[in-house]
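Single-structure report; data block below.
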Amino acid sequence: MSAKVIAIANQKGGEGKTTTALNLSHGLAIEGFQTLLVDIDPQANSSSIFVDPDKLTLSAADIFLSKKDVQDIIQKTQYERLYILPAKINLAEVELSSLNVEAPYILRDALSKVKETYDMIVIDCPPSLSIFTVNALVAADYVIIPLQAEKFSIDGIRGLQNTIESIKRRINPSLRILGALVTQLKSNTVLTKTIMPVIQNYFPVFETSISTGVAVGESHLSRKTLLDYNPSIKQAKEYFSFVKEVVRGIQN
Ligand SMILES: Nc1ncnc2c1ncn2[C@@H]1O[C@H](COP(=O)(O)OP(=O)(O)O)[C@@H](O)[C@H]1O
Ligand SMILES: [Mg+2]
């Protein structure tokens with residue numbers, strides 16, 4: 001069976017993309033899927049949980065620059081069935097000419113070589129609608145949008161929807177929006193109640209949302225996924241039920 005590719009995208013930073021990519025990919029591995037996490041953010045946040053990005057000889061940039069074989073870049077992680085295609089800061093220096101008609105397809109072509117090796121491929125996107133995010137959306141079967149129930153998080157939602165729709169229309173008609181995942185939820189405040197319907201106007205919203213908790217930051221500091229750091233904590237349980245929703249969504 002060919003891998004399902006899931007992009008975790010939102011052009012705003014701090015919305016929970018990396019936390020979601022880490023715990024979704026680890027959760028899928030726990031569920032028994034051979035899983036590859038692909039980091040295409042020059043900040044290399046998700047890579048840094050598994051490797052020292054400064055010490056990498058090969059990284060995501062080599063896919064875009066020299067078209068290196070992905071198999072040579074992928075590394076094992078400390079978790080069973082979970083692999084990482086890491087990024088480092090030099091990804092920020094990659095400039096893809098907009099005149100290069102191949103530019104949006106580089107990641108898709110590269111991943112096509114490992115689609116039979118993995119069941120699931122999760123892509124952690126940078127906080128921009130750059131050519132990297134476009135590459136992820138072109139390579140993906142599904143997109144998940146983590147976002148907070150905050151005004152500033154809603155402000156960019158139409159731009160994101162337009163980008164997804166235009167990629168769908170022009171390049172990747174099979175791209176499906178799996179849903180928006182509300183992260184860092186404080187409580188069912190008035191704010192949340194007002195903003196939820198606004199989000200639902202644009203995207204389907206996952207039943208599960210992820211509440212705010214200090215363990216999330218602690219897990220990053222200890223270079224573990226939250227599911228490993230403390231599987232019994234509230235936010236880890238929420239991520240587990242989100243993973244189950246994703247699996248159900250993909251099988252439908
Ligand atoms: N559920 C949560 N509870 C508390 N802090 C969180 C939660 N999710 C993310 N964070 C914190 O918010 C910040 C941004 O999250 P991150 O996943 O890096 O977002 P992005 O990749 O979209 O920039 C990080 O410092 C992270 O530790
Ligand atoms: Mg990030």
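The values are calculated or read from the model by the stated rules, or taken from the named source; none is laboratory data. This structure is a prediction, so every number in the text was calculated from the model and none was measured. All Cβ positions, glycine included, derive from the backbone under ideal geometry; neighbour counts span all protein chains shown.
Between a first residue in the range 220-247 that is at positive phi and a second residue that is within 12 Å of ligand 1 (Cβ to nearest atom) and of a type in the set (A, V, I, L, M, F, W, C), which pairs have beta carbons less than 9 Å apart while being 6 or more apart in sequence or on different chains?
223/49
Out of the residues in the range 116-136 that are surrounded by fewer than 20 Cβ atoms within 10 Å (Cβ to Cβ) and of a type in the set (S, T, N, Q), which is modelled with the lowest pLDDT?
130
Cβ-Cβ under 9 Å, sequence separation 6+ or interchain: first residue in the range 12-35 and on the phi > 0 side of the Ramachandran plot and at pLDDT below 95, partner acidic (Asp, Glu) and more than 16 Å from ligand 1 (Cβ to nearest atom). Which pairs?
none
Please count how many residues of the range 53-73 are within 18 Å of residue 135 (Cα to Cα) and either small (Gly, Ala, Ser) or surrounded by fewer than 15 Cβ atoms within 10 Å (Cβ to Cβ) (or both).
6
Within the range 114-162, can you find the residues that are in contact with a helix residue (DSSP H, G or I) (Cβ under 6 Å, 6 or more places away or on another chain) and in a loop (DSSP other than H, G, I, E, B)?
114, 125, 126, 129, 149
Counting only residues that are assigned to a loop (DSSP other than H, G, I, E, B) and without any contact (Cβ under 8 Å) to a residue 12 or more places away in the chain, which one in the range 43-57 is farthest from residue 227 (Cα to Cα)?
Residue satisfying both the conditions and the ranking: 57.
Scan 175, 137 and give me the residue that is free of Cβ contacts under 8 Å to residues at least 60 places away in the same chain, in contact with a Lys or Arg (Cβ under 9 Å, 6 or more places away or on another chain) and farther than 26 Å from residue 235 by Cβ.
On the way: 137 fails: free of Cβ contacts under 8 Å to residues at least 60 places away in the same chain.
Only one candidate qualifies: 175.
From the list 4, 76, 17, 113, exactly one residue is away from ligand 1 (no atom under 16 Å from the Cβ) and crowded, with 16+ Cβ neighbours inside 10 Å. Which is it?
Just one listed residue meets the conditions, 4.
Let me spell it out: the conditions are (1) within 16 Å of ligand 1 (Cβ to nearest atom); (2) modelled with pLDDT of 95 or more, and residue 82 meets all of them except one. Which number is the exception?
Answer for residue 82: the failing condition is (1).
Please find, within the range 197-222, the residue that is nearest to residue 150 (Cα to Cα) out of those that are hydrophobic (A, V, I, L, M, F, W, C) and buried (at least 17 other Cβ atoms within 10 Å of the Cβ).
The residue in question is 199.
If we scan the range 164-173, do we find a residue that is outside any helix (DSSP H, G or I), at pLDDT 95 or above and surrounded by 17 or more Cβ atoms within 10 Å (Cβ to Cβ)?
Within the range 164-173, one or more residues are outside any helix (DSSP H, G or I), at pLDDT 95 or above and surrounded by 17 or more Cβ atoms within 10 Å (Cβ to Cβ).
If a residue must be part of a loop (DSSP other than H, G, I, E, B), over 13 Å from the mean Cα position of the chain (by Cα) and aliphatic (A, V, I, L, M), how many such residues does the range 1-36 contain?
2
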